Amino acid sequence: MAEERRFRSACGAPIALRRRQHSASCRELAVRGPRLQLRSLSAATSAVWLAAYGLFALSENSVVLSAAIFISLIGLIIYLHFIKIDQESLLVIGSLGIQVTSSYASGKESTTFIEMGQVKDVVINEAIHMQKVIYYLCILLQDPEDPQGVSEVVPLFQSSKPRLDCLIEVYKSCQEILEQRKTAPQSS
Amino acid sequence: ENSPAPLPERAIYGFALFLGSWFGFILYLIWAYIPETWLFSLGLTYWPQKYWAVALPVYLLVAVGIGYILLFGINMMSTAPLNSTHTITDNYAKKQQQKTFQEEAIPALRDIPISEVNRMFFLPEK
């Protein structure tokens, strides 16, 4: 069972939230950001090449032109492979743990798994970020010594930064799964 | 005894500062504008270089301008990052004692854990 809804990110870009329920205690929530637009790519490339042509006209050195081509190619590859995140997904498995996956535009996927024993709660927190106050979803990790304490905060959906309405949907879905571990405590 | 009201001593301090600042300003103008030879002929030879008459105000203005940017940067550096526990709790909240619940009394002020706040805000009670 999958459903997709459109939302906006904190900066106003359109994002889509896809919810899939694999079983009663397993849910996958994926936030997909906008794809790389052709117009921004051509604008950036034209700007770099015009600047290089201007430098070539000033200095009469043709190395500037080939350097500009090289730089724009390498820059595009680095951007697609390390910076542009297409989709961030959260897979919550009731008794096992939470898996966070980021898929980059080049196809690279980076995954983190947090086992359920370490997860204290999944909450929506507000914090100051770059002269704005934003809501963001985060996983609170349990402090092994102190049952009430939080040892670490893992922020989620860092690059797509959904707004509060999308976060509330994700929060409700996660809480439905997390509540089950309180009602059925089988393992220590 | 610590009121901000005007007092005779404060009036005297203010007037002394007023005269002192006017004296300093006139001295600065004399040093900056009157040629060195005239000052030497009067016998006043031990002055700093006139270069500083222009350099010090420029230093001051540049420092004020940089101070704006520096303060902005210091603010950004002291803001807790999104993955720090300081956005959720602090030492006072960790060490707070649980006060006993009394009937018909306003509950004591305490720091409510973020999980509880989230449940109250975002999970509707059916």
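Brief remarks on what is shown
- Options A:114, A:128: the member that is within 11 Å of chain B (Cβ to nearest Cβ) and either assigned to a strand (DSSP E or B) or within 16 Å of the chain's Cα centre (by Cα) (or both): A:128
- When every residue of region A:142-156 is checked against the conditions, at least one turns out to be within 17 Å of the chain's Cα centre (by Cα), of a type outside the set (Gly, Ala, Ser) and more than 8 Å from chain B (Cβ to nearest Cβ).
- Taken as a whole, region A:161-171 holds at least one residue that is part of a strand (DSSP E or B) and out of contact with any Gly (no Cβ under 6 Å at 6 or more places or on another chain).
- Sole exception among (1) at pLDDT 90 or above; (2) surrounded by 15 or more Cβ atoms within 10 Å (Cβ to Cβ) for residue A:10, by number: (1)
- Within region A:17-47, the set of residues being within 26 Å of residue A:179 (Cα to Cα) and of a type outside the set (S, T, N, Q) comprises A:17, A:18, A:19, A:20, A:22, A:24, A:26, A:27, A:28, A:29, A:30, A:31.
- Residue check, residue A:28 in the same structural domain as residue A:113 (by the TED database) and farther than 15 Å from residue A:165 by Cα: yes
- Extreme residue, nearest to the other protein chains (Cβ to nearest Cβ), among residues of region B:82-126 that are of a type in the set (A, V, I, L, M) and outside any loop (DSSP other than H, G, I, E, B): B:114
- Hits in region A:130-188 - residues which are free of Cβ contacts under 8 Å to residues at least 24 places away in the same chain and of a type in the set (A, V, I, L, M): A:130, A:133, A:140, A:184
- Among the residues making up region A:131-141, those that are more than 24 Å from residue A:95 (Cβ to Cβ), more than 7 Å from every other protein chain (Cβ to nearest Cβ) and in contact with a strand residue (DSSP E or B) (Cβ under 8 Å, 6 or more places away or on another chain) are A:133, A:134, A:135.
- Scanning region B:55-81 for residues that are part of a helix (DSSP H, G or I) and among the hydroxyl-bearing types (Ser, Thr, Tyr) gives B:59, B:68, B:78.
- Residue A:107 vs. criteria surrounded by fewer than 16 Cβ atoms within 10 Å (Cβ to Cβ), at positive phi, more than 12 Å from chain B (Cβ to nearest Cβ) and at pLDDT 90 or above: yes
- Residue list for region A:172-182, restricted to those being more than 11 Å from chain B (Cβ to nearest Cβ) and either of a type in the set (A, V, I, L, M, F, W, C) or not in a helix (DSSP H, G or I) (or both): A:177
- Contacts under 6 angstrom Cβ, first residue in region B:89-117 being within 25 Å of residue A:179 (Cα to Cα) and charged (D, E, K, R), partner assigned to a helix (DSSP H, G or I) and modelled with pLDDT of 85 or more, 6 or more apart: B:111/B:93
The values are calculated or read from the model by the stated rules, or taken from the named source; none is laboratory data. The model shown is predicted, which means the values in this text are computed figures rather than measured ones. Note: ideal-geometry Cβ built from the backbone for every residue, glycine included; neighbour counts use all protein chains shown.
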